[in-house]
Amino acid sequence: MKRILMLVCALPVLGFAQQNYTIQGQVGKLNKPAKAFLRLNSGGNPKIDSVYIKNGKFEFKGTIPSPMEAHLRIIHDDLPFDPAKPAKQDVLPFLIEGTTIKFVSTDSIKNAKISGSPLNAENERVNAMLKPIYDQYDALDAEYKSKSLADQQDPKYIQTLEDRAAIIQQQTIDAKMDFVSKNPKSYMALMAFNSTLPPEFDAVAAEKVFATLDPALQNSILGKEVAARIATVKKTQEGVEAPNFVQPDIDGNPVKLSDYRGKYVLVDFWASWCAPCRRENPNLVKAYARYQKDRFEILGVSMDKAADKAKWLKAIQDDGLTWKQVGDLKGWDNEAGVLYEIKAIPMNFLVDPNGKIIAKDLRGEGLDKKLQELFGE
């Protein structure tokens, strides 16, 4: 599948009104029952349109409030779904804008050539520019697959892969942010900026970058989504009061975050099934043993489901987690997790004795360094 929404050269955007689009496709000589589907990903509310293909041709027309992501999918026949022999996916992601966009292919839509769309043309050029960076990921994957099973399971080797992958990720982010700074009026700058924001990010810094983008971009559908994400993450930004919550411990007794006022507490979101969480637990055990005497506590919050309660309890015992553990066993719907906008784990928040968040996402050496700063050891 082609990469979408990476980086492109400048495309001036003066404002977004309703835009008329036309999608024209030619896929070989397909005929009914072959069918084309157009999916628009607008503000979290996908819109799907469909039409039968005649002599290989199909067409869609409509309006959009601003450029956005879209997908074309071709169903080549009307055979019933067979889970034993699922049909191959014939899908092409692209960017839809207010113009006539043509797709031409001799066999499948995923191999179609796109014309008539400045956004998609620029996306293709920049994807080619970024290819050397992405190739480094492919090289890491190939290296991993070439290793023996023992090497693949070696924690030290896995760590080297993660370290190198982090370097590649930073190279990608740097390239995108360089583009954003040079093209503040480009819709693609907004898309590139959005793609650099992980589940947890520095909302204050992101807000400053977002403010440099053209007002029309900020008011687009995607712009409003990005603004909402920034506002949400900012709720748990360093310096704000940690949202209070109540969760039952392993015995069913209610525990409040506010019970920890007067102490430093690391609110640690994790799960028994989360391998990175389990790898991080030994670091937490060491930190707790070293700093508990200095008014340092940890409050573990489980993202496990009720069906996995036994696994959760076993993980607590196996990993030697002696601090308080809570969880409503609702999985990703854990009420504390929702309150703190947890989208990935492990994730933690260091709260000071006054109840304010002073750091987040602390792991390994980073956690130890922060605790040394606080307790002078």
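The values are calculated or read from the model by the stated rules, or taken from the named source; none is laboratory data. Nothing here was measured: the structure is a model prediction, and the numbers come from that model. Here the Cβ is made from the backbone with ideal geometry for all residues, glycine too, and neighbour counts use every protein chain on show. Remember, those area values only see protein heavy atoms, side chains included, never the ligands or the DNA or RNA. Shrake-Rupley method; radii C 1.70, N 1.55, O 1.52, S 1.80 Å.
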### In the stretch 298-334, the residues that are assigned to a strand (DSSP E or B), among the charged types (D, E, K, R) and surrounded by 18 or more Cβ atoms within 10 Å (Cβ to Cβ)
305, 324
### Task
Starting from residues that are part of a helix (DSSP H, G or I) and among the basic types (Lys, Arg), keep the ones in the stretch 335-377 and report whichever is least open to solvent (accessible area, probe 1.4 Å).
370
### Task
Scan the stretch 261-301 for residues that are closer than 21 Å to residue 376 by Cβ and not basic (Lys, Arg) and report the count.
15
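One line per residue, one yes/no per condition, for (1) closer than 22 Å to residue 235 by Cβ; (2) not charged (D, E, K, R):
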{"site": "182", "(1), (2)": "no, no"}
{"site": "187", "(1), (2)": "no, yes"}
{"site": "192", "(1), (2)": "no, yes"}
{"site": "196", "(1), (2)": "yes, yes"}
{"site": "200", "(1), (2)": "yes, no"}
{"site": "203", "(1), (2)": "yes, yes"}
{"site": "210", "(1), (2)": "yes, yes"}
{"site": "217", "(1), (2)": "no, yes"}
### Query
strands (runs of 3 or more DSSP E) wholly in the stretch 7-113 with at least 1 residues that are modelled with pLDDT of 90 or more, open to solvent by 50 Å² or more (accessible area, probe 1.4 Å) and hydroxyl-bearing (Ser, Thr, Tyr) - which ones?
47-52, 57-64, 100-105
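Specify which of the listed residues (84, 128, 142) is free of Cβ contacts under 8 Å to residues at least 12 places away in the same chain and more than 30 Å from residue 46 (Cα to Cα). Walk me through it before giving the result.
On the way: 84 fails: more than 30 Å from residue 46 (Cα to Cα); 128 fails: more than 30 Å from residue 46 (Cα to Cα).
Selected residue: 142, the only one of 84, 128, 142 that is free of Cβ contacts under 8 Å to residues at least 12 places away in the same chain and more than 30 Å from residue 46 (Cα to Cα).
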### Summary
Conditions (1) under 23 Å from residue 239 (Cβ atoms); (2) surrounded by fewer than 15 Cβ atoms within 10 Å (Cβ to Cβ) -> residue 276 fails only (1)
### Message
Quick check on my filter: what residues within the stretch 328-358 are within 24 Å of the chain's Cα centre (by Cα) and at positive phi?
### Response
329, 331, 341
### Task
Among what's in the stretch 281-297 and is of a type outside the set (D, E, K, R) and open to solvent by 10 Å² or more (accessible area, probe 1.4 Å), pick the residue that is farthest from residue 354 (Cα to Cα).
282
### Query
Is it the case that the stretch 87-101 has a residue that's touching a helix residue (DSSP H, G or I) at 6+ places or on another chain (Cβ under 6 Å) and over 26 Å from residue 195 (Cβ atoms)?
no
### Matching entry among 259, 268, 251 (being of a type in the set (Asp, Glu) and either surrounded by 20 or more Cβ atoms within 10 Å (Cβ to Cβ) or touching a Cys at 6+ places or on another chain (Cβ under 6 Å) (or both))
268
### Message
Six or more apart or on different chains, Cβ atoms under 9 Å: show the pairs whose first residue is in the stretch 160-183 and under 22 Å from residue 213 (Cα atoms) and of a type outside the set (Lys, Arg) and whose second is open to solvent by 80 Å² or more (accessible area, probe 1.4 Å) and not in a helix (DSSP H, G or I).
### Response
180/212; 181/212
### Query
Residues of the stretch 141-159 being in a helix (DSSP H, G or I) and open to solvent by 50 Å² or more (accessible area, probe 1.4 Å), which ones?
141, 142, 143, 144, 145, 146, 149, 150, 151, 155, 156, 159
## Note on the structure
Selection from the stretch 195-247 of residues touching an Asp or Glu at 6+ places or on another chain (Cβ under 9 Å), modelled with pLDDT of 95 or more and surrounded by 17 or more Cβ atoms within 10 Å (Cβ to Cβ) yields 245, 247
